[in-house]
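Below you'll find the structure, written out as structure tokens, and then a few comments.
The values are calculated or read from the model by the stated rules, or taken from the named source; none is laboratory data. Because the structure is a prediction, the values reported are computed rather than measured. Positions of Cβ are backbone-derived with ideal geometry, glycine not excepted, and every protein chain shown enters the neighbour counts.
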């Protein structure tokens with residue numbers, strides 16, 4: 001099974017632009033005991049996320065280049081190997 005993820009490709013200078021991000025298709029590993037697979041239904045895109053795109057110390061650590069962006073979601077369980 002595959003999924004898509006959005007990664008920070010470069011640090012924005014000023015307003016973020018499409019070229020600061022990349023969409024990647026990745027293969028999902030098989031679920032292990034205690035894990036769940038979620039399908040995100042709603043994403044929370046908050047103002048603090050812009051600050052995390054900078055490489056500066058703050059109350060929230062910066063996003064890493066070439067790593068997926070993180071944030072809150074409302075999701076449904078698609079598959080579970082959890083009790």
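Remarks
- Positions within the range 27-45 being within 14 Å of the chain's Cα centre (by Cα) and at pLDDT 95 or above, in sequence order: 38, 39, 40, 41, 42, 43, 44
- Count of residues meeting criterion [surrounded by 10 or more Cβ atoms within 10 Å (Cβ to Cβ) and under 19 Å from residue 79 (Cα atoms)] in the range 6-38: 7
- Restricting the range 44-64 to residues that are in contact (Cβ under 8 Å) with a residue 12 or more places away in the chain and either in contact with a helix residue (DSSP H, G or I) (Cβ under 9 Å, 6 or more places away or on another chain) or surrounded by 13 or more Cβ atoms within 10 Å (Cβ to Cβ) (or both), the residue that is farthest from residue 6 (Cα to Cα): 60
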